[in-house]
C-alpha cells in the first residue's frame, strides 16, 4: 500500500479520485508527443535530424504502446533496474 503521509489534509473520500487522476495523466502523457518531457525531447532530436514526427504519427505508435502497458504492467516485464543488481 502507498504511504499517504504526503497528503494528510486530503479527505479520504477524495483519494480514489486523486489516484485515478494521477494514473490517467501518466497513461495519457505516454501516449502523446507533448505529454511528457522525454517525448518532446525525442521529437526535437528527430526534427533536428531531418525526420520530424507529427502529433498524429506519434499517436499512431504511442496509443498502442500505452494500451499494452496498461494491460501488462511493469511487474510483468520485470522491475527494471533491480534486474541489473
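Remark: 58, 18 ranked as 18, 58, counting other beta-carbon atoms within 10 Å and listing the fewest first. On the beta carbon distance between residue 70 and residue 47, with R0 = 35 Å, the FRET formula returns roughly 0.75. Put simply, the convex hull of the Cα atoms in segment 30-73 casts, on average, a shadow of 3.0 nm². On the beta carbon distance between residue 61 and residue 15, with R0 = 25 Å, the FRET formula returns roughly 0.15.
No value in this document is a laboratory result; all are computed from the given coordinates. Because the structure is predicted, anything quoted here is derived from the model rather than measured. Because the Cβ atoms are built from the backbone with ideal geometry, glycine has one as well, and the counts that use them run over all protein chains shown.
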